[in-house]
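J.: Here it is: the structure, laid out below.
We did not get these values from a lab; they are worked out from the coordinates using the rules stated. No experiment lies behind these values; they were computed from the predicted model shown. Using ideal geometry, Cβ is built from the backbone for each residue, glycine included, and neighbour counts are taken over all protein chains shown.
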Amino acid sequence: MSWEEKVERDFMRILKNSFWIGLLMLAGCERELTDDFIPFTTFPDIVLNLSLPENISLQTSGGYRQLSSGGVRGIIVYRIDVSTYAAYERNCSFRPNEACATVDVHSSGLFMIDSCCGSSFNFVDGSPTGGPAWRPLNRYRTQLSGSNLTITDEVIN
């Protein structure tokens, strides 16, 4: 076998091995579509008086408030428009049983993020917009009556 044939054979072997290594790496980067069940806990209705100073951020569209009560790890309340509010579970939907799987509002105020896994979620419906999460955050039923916003433990998504 000539030197050129040996080089060609070795090159093809390297190329073939590189293909399989690349394929394995690609398969390892796919989203994990199996995951732990998202925990749920009942809680008494939460009534927020929107005219109180602690709820001033909820008086304008795009405003939000993080609550430490309700849900498994608390609730994020977001005002979509003049009469529509969304209330999301702060327990991340990706590997929700991990100790750090808590969602907060990003410092920009434009989306929600779990700094543990890096998943981000939109305010419109709680759907993931980045990171490994593939399920939306649990969204709780809200009802506006006058200046009172009631959040129940009924999951609506």
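J.: Looking at the stretch 27-131, which GluC sites (Glu not before Pro) are DSSP coil and have at most 14 other C-beta atoms within 10 Å of their C-beta?
T.: Sites meeting the loop and neighbour criteria: E30, E32, E98.
J.: While we're on this one: Describe numerically, in nm with one decimal, the distance between label points set 7 Å from Cα along Cα→Cβ at S57 and at D125.
T.: Going by the 7 Å Cα→Cβ label model, 2.5 nm.
J.: Follow-up question, since we're still on this one. Could you check the simple spin-label distance between Q66 and I156, using points 7 Å along Cα→Cβ, in nm with one decimal?
T.: 2.4
J.: Measuring from a point 7 Å past the Cα of S83 along Cα-to-C-beta, which residues in the stretch 107-150 have an amide N at less than 17 Å?
T.: 142-150
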